[in-house]
Amino acid sequence: MFGRQLTARAAVTVPNLYAVLSAVNAGAGFSVLPRSLCQEYLDSGRLVLLHAPQEPPLNTLFLVQRPGAEANPDVVRVRDTLRRTARTW
């Protein structure tokens, strides 16, 4: 979006976008969120839009797993299925 790779490390890890919205609303910093999720917060002034690009960013997904998870065949099967499916989009 800004022409360079992000090099900062994540400060907080949360389970879903609703938790990201709650953390940002509570003052934890800033994030990129779907407008559909945070429009009410923007409309009420609880959150402020920091950047409005002409073209919205790609919806890049990152698949992560805990160290050692590859020992679980169910984790491997799900990971491989997600990878295969993502390549067909």
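Just so you know, all these numbers are worked out from the coordinates, no wet-lab data involved. Computed from a predicted model, the values in this text were never measured in an experiment. Cβ placement follows ideal geometry from the backbone for every residue including glycine, while neighbour counts extend to all protein chains displayed.
Of note:
- Extension gain from Q5 to R77, taking 0.36 nm per residue of separation minus the Cα-Cα distance: 22.9 nm
- 10 Å Cβ shell holding at most 14 others, DSSP loop, trypsin sites (Lys or Arg not before Pro): longest site-free stretch of the chain: 47-89
- More than 19 Å apart - percent of Cα-Cα pairs taken over the stretch 1-54: 33 percent
- Evaluated with a Cβ-only charge set (Lys, Arg +1; Asp, Glu -1), the chain carries a dipole of roughly 300 debye about its Cα centre, given to the nearest 20.
- Estimated from helices alone, the mean residue ellipticity of the chain at 222 nm is -11500 deg cm²/dmol (sum of -39500 (n - 2.57) over DSSP H runs with n ≥ 4, per residue).
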